[in-house]
Amino acid sequence: MGVRYRVAADIGGTFTDIVRQDSVTGECSAFKVLSTPENPALAVLEGIGAAIPDDSEIDLFVHGTTVGLNALLTRQGAKVALLTTRNFRDVYTIQGNDRGEIFSIRWNKPAPLVSLEHTYTARERIAATGEVVEPLRVSDLDCLIDKARENRYEAIAIAFLFSFRNPEHERKAARYISGRLPGVAVAMSHRVSPEWREFDRMSTTVMDSYLAPVVRGYLATLVSKLEHRLPAGRSLYVMESNGGVMTAGTASESPLQTLLSGPVGGAIGGQALSAATGRDNLICIDMGGTSFDASLIIDGQPSRSNETRLEGLPVQMSVVDIHVIGAGGGSIAWQEAGAVRVGPGSAGADPGPACYGLGGIEATVSDANLVLGRLDDANFSAGKMKLDREASVAALERLGAGFGLSAEAMAEGVVDIINAKMADAIRTITVQRGIDPRDFSLVAYGGAGPAQAAALADELGIGEVIIPLHPGAFSAWGMLQTDVRHDFKETLYGFWDQTGRETLEQAYGALEEKGRSFLEKEGIGDDDIFFERGIDFRYFGQEYVLTIPVPGGFIDMNAVRRSFDVAYERQYGHSSPENRVEMANIRVAALGRLPRPSSAPPAPTKARRPGKRDVRFQGKVQTTGILDRNSLGSGKVVQGPAIIEEDTATTLVPPDWQVTVIAGGHLSLRRMGDPE
């Protein structure tokens with residue numbers, strides 16, 4: 001048997017990235033293959049075939065998938081029916097009272113995933129205390145069962161009132177339906193999201209049902225195809241939206257948790273990079289071929305939330321905060337109302353940008369960078385692809401003709417527009433939240449990110465840009481830096497000063513026992529299991545909550561209360577220590593450590609000889625040095641203008657910038673003369 005590898009795969013809209021790590025030495029290598037939108041598993045299998053020799057063994061396989069997210073964005077999920085309590089049929093259709101953009105005259109209510117026509121009710125009632133007010137009449141379910149056969153529902157979501165207090169009726173209804181509709185996925189709200197707020201819990205359950213058949217079918221296909229490569233007893237892990245991983249079997253039972261599994265890998269990679277470089281605060285940006293993802297590392301930890309909105313619909317689940325816009329190397333430039341727009345439409349992998357020579361004719365960001373001299377037409381993707389510069393020039397000339405601009409001038413305009421869009425996306429997660437981006441380093445990755453990073457830093461006043469190892473596959477690398485994670489929660493409402501410590505200890509203990517059971521089923525040993533506690537607080541009379549960490553062991557009630565006041569002050573600029581505090585939910589993250597070696601810098605390889613070519617910067621052509629990243633040893637300093645090429649990305653160092661190779665082999669870009 002050959003070398004043993006840990007492997008991660010990240011599917012993007014244009015490329016699928018594969019990272020392999022030697023299980024002993026920790027050395028990593030990255031590979032890219034074009035994505036296969038018609039069947040994403042094909043690109044994963046092709047990438048593994050290219051990355052892992054036949055005589056090698058896979059120790060661990062982690063997969064980040066956008067299958068569920070794409071099904072939601074394109075509205076190509078399962079056909080779903082919703083079952084709820086009689087007289088509450090309209091809750092999901094009416095939605096909440098949050099208008100989203102309160103002053104916008106163009107705001108439209110998000111389209112629900114299930115229409116009123118496919119919403120059914122049953123006579124039953126659980127009180128807010130959990131007591132049964134009216135028993136469930138299972139005979140009411142026969143109408144739904146008949147309609148399910150007639151309409152060929154693929155999934156059914158059950159969301160009864162206050163089922164998070166008492167799930168008896170949901171379980172009874174699920175048993176009755178499953179016994180009569182074999183093969184139809186049934187989701188229960190008390191299992192998907194045992195938390196208060198009826199519409200939000202209902203929306204979360206419907207979304208889980210909407211994605212279940214799609215995600216399960218995809219994972220079943222991938223597992224069967226990889227079976228011969230995974231040794232007996234080894235599991236295929238799937239990245240979760242919360243930043244942890246779970247087995248493919250668990251992912252099939254909780255498909256909702258896979259929604260953001262692709263982009264989250266980059267944030268977890270940012271967390272590992274923060275620890276390795278000593279930079280506590282990072283803005284992580286992932287610019288691929290189709291999208292631009294931005295996230296924050298604050299005090300060494302990724303920014304997380306306990307709820308999010310997707311397609312305008314609320315989802316109650318723990319997520320790493322990721323802000324996504326349609327901006328990538330494949331983003332199409334187009335004309336509208338006498339102005340140039342870039343994105344959100346993308347050329348994708350097929351036909352791709354005009355320069356790919358696969359039939360695309362529209363100008364994209366990649367075409368603009370090629371025309372400006374920032375990409376090498378003969379050495380793209382480690383020389384595996386030859387780019388057609390003439391096709392790029394023709395595409396940009398057609399676009400520029402309407403504005404009296406040459407292909408080169410139009411290319412600069414396209415790049416400036418996409419940079420402005422990405423800078424605005426970063427301001428959304430920083431300035432709009434009271435965070436100064438100048439207090440952060442910018443970590444740029446993805447196939448297109450390092451080429452735009454310095455311009456983004458200039459736009460935002462950021463002093464340092466870090467380009468990590470294997471930037472084009474950094475999200476896949478991040479997936480190898482995480483652990484198994486499952487989140488559990490319980491609504492425990494009341495005034496903090498009236499809550500007994502024993503009540504809290506008992507409630508946390510029950511959630512931790514449930515988490516331990518989950519982790520043991522996934523093969524995690526007792527010594528590798530640990531927990532993180534949290535609690536949702538708000539001042540009396542408020543609507544929204546902040547989640548506060550609660551140290552394990554003995555609960556110091558006064559210290560927990562003070563930590564809420566401190567967090568509130570940090571978030572909103574003021575606090576009210578004299579006010580009463582309400583708790584809403586308690587939370588437990590059950591974590592299982594996965595063994596992993598320390599990441600090692602890549603082994604020295606033969607580098608290409610340095611070269612030069614003309615590159616256009618702000619309307620001026622300058623002779624620019626072309627360097628192979630493999631030729632840059634630790635401590636090496638390179639002054640701009642320069643272009644640093646590697647297998648997965650191209651880093652642009654503009655004039656007046658310089659790059660230093662720091663510990664771990666990462667690149668640090670700063671303006672010349674700026675203090676470190």
Unique match (being over 30 Å from Arg485 (Cβ atoms) and open to solvent by 30 Å² or more (accessible area, probe 1.4 Å)) among Arg580, Arg562: Arg580
Starting from region 45-61, keep only residues that are closer than 14 Å to Glu227 by Cα, then list their pairs with residues that are open to solvent by 10 Å² or more (accessible area, probe 1.4 Å) and part of a helix (DSSP H, G or I) whose Cβ atoms are within a distance under 8 Å, requiring at least 6 positions of separation or different chains. Leu45/Lys225
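Yes/no matrix, rows are residues, columns are (1) modelled with pLDDT of 95 or more; (2) on the phi > 0 side of the Ramachandran plot; (3) of a type in the set (A, V, I, L, M):
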{"site": "Leu282", "(1), (2), (3)": "yes, no, yes"}
{"site": "Met287", "(1), (2), (3)": "no, no, yes"}
{"site": "Gln301", "(1), (2), (3)": "no, no, no"}
{"site": "Glu307", "(1), (2), (3)": "no, no, no"}
{"site": "Ser318", "(1), (2), (3)": "no, no, no"}
{"site": "Ile325", "(1), (2), (3)": "no, no, yes"}
List the strands (runs of 3 or more DSSP E) that sit entirely inside region 452-558 and contain at least 1 residues that are in contact (Cβ under 8 Å) with a residue 24 or more places away in the chain and among the basic types (Lys, Arg). 484-495, 529-539
When you go through Val206, Val186, Val238, Val223 one by one, which is the residue that is more than 21 Å from Arg149 (Cα to Cα) and either of a type in the set (Ser, Thr, Tyr) or at pLDDT 90 or above (or both)? Val238
Might you check whether a residue that is open to solvent by 30 Å² or more (accessible area, probe 1.4 Å), hydrophobic (A, V, I, L, M, F, W, C) and modelled with pLDDT of 95 or more occurs anywhere in region 154-162? yes
Only one of Ala457, Ala451 that is under 25 Å from Val621 (Cα atoms) and modelled with pLDDT under 95: Ala451
So, of the residues in region 278-288 that are open to solvent by 10 Å² or more (accessible area, probe 1.4 Å) and farther than 13 Å from Ile322 by Cα, which turns out to be nearest to the chain's Cα centre (by Cα)? Gly288
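Residues are listed down the side, and each one gets a yes or a no for (1) assigned to a strand (DSSP E or B); (2) over 21 Å from Lys421 (Cβ atoms); (3) open to solvent by less than 20 Å² (accessible area, probe 1.4 Å):
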position	(1), (2), (3)
Thr290	no, no, no
Ala294	yes, no, yes
Arg309	yes, no, no
Met317	no, yes, yes
Val324	yes, no, no
Ala327	no, no, yes
Ile332	yes, no, no
Val340	yes, no, no
The condition from (1) open to solvent by 20 Å² or more (accessible area, probe 1.4 Å); (2) within 24 Å of the chain's Cα centre (by Cα); (3) more than 30 Å from Asn39 (Cα to Cα); (4) not aliphatic (A, V, I, L, M) that Ser441 misses is numbered (1)
Conditions: (1) modelled with pLDDT under 90; (2) farther than 30 Å from Gly611 by Cα; (3) among the polar types (S, T, N, Q). Asn379 meets all but one. Number of the miss? (2)
Checked pairs for region 266-286, first closer than 16 Å to Ser668 by Cα and of a type in the set (Asp, Glu), second assigned to a helix (DSSP H, G or I) and open to solvent by less than 30 Å² (accessible area, probe 1.4 Å), C-beta under 7 Å and 6 or more apart or across chains, list as Asp280/Ser274
Members of region 120-153 that are polar (S, T, N, Q) and open to solvent by 50 Å² or more (accessible area, probe 1.4 Å): Thr129, Ser139
Please go through region 214-272 and give me each residue that is open to solvent by 40 Å² or more (accessible area, probe 1.4 Å), touching a helix residue (DSSP H, G or I) at 6+ places or on another chain (Cβ under 9 Å) and hydrophobic (A, V, I, L, M, F, W, C), ordered by number. Val214, Ala220, Val223
Can you name the strands (runs of 3 or more DSSP E) wholly within region 106-172 that have at least 2 residues being under 37 Å from the mean Cα position of the chain (by Cα), within 29 Å of Leu72 (Cβ to Cβ) and hydrophobic (A, V, I, L, M, F, W, C)? 155-159
Any chance you could count how many residues in region 421-436 are open to solvent by 10 Å² or more (accessible area, probe 1.4 Å) and either under 22 Å from the mean Cα position of the chain (by Cα) or among the acidic types (Asp, Glu) (or both)? 9
Region 597-658: strands (runs of 3 or more DSSP E) wholly inside it with 2 or more residues that are surrounded by fewer than 17 Cβ atoms within 10 Å (Cβ to Cβ) are 611-617, 620-628, 637-639
Just the residues that are out of contact with any Asp or Glu (no Cβ under 6 Å at 6 or more places or on another chain) and either in contact (Cβ under 8 Å) with a residue 60 or more places away in the chain or open to solvent by 10 Å² or more (accessible area, probe 1.4 Å) (or both), please, taken from region 178-193. Ser178, Gly179, Arg180, Leu181, Pro182, Gly183, Val184, Ala185, Val186, Arg191, Ser193
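The values are calculated or read from the model by the stated rules, or taken from the named source; none is laboratory data. This is a predicted model, so every value here is computed, not measured. Using ideal geometry, Cβ is built from the backbone for each residue, glycine included, and neighbour counts are taken over all protein chains shown. Accessible surface is based on the protein model in full, side chains and every heavy atom, while ligands, DNA and RNA are left aside. Shrake-Rupley method; radii C 1.70, N 1.55, O 1.52, S 1.80 Å.
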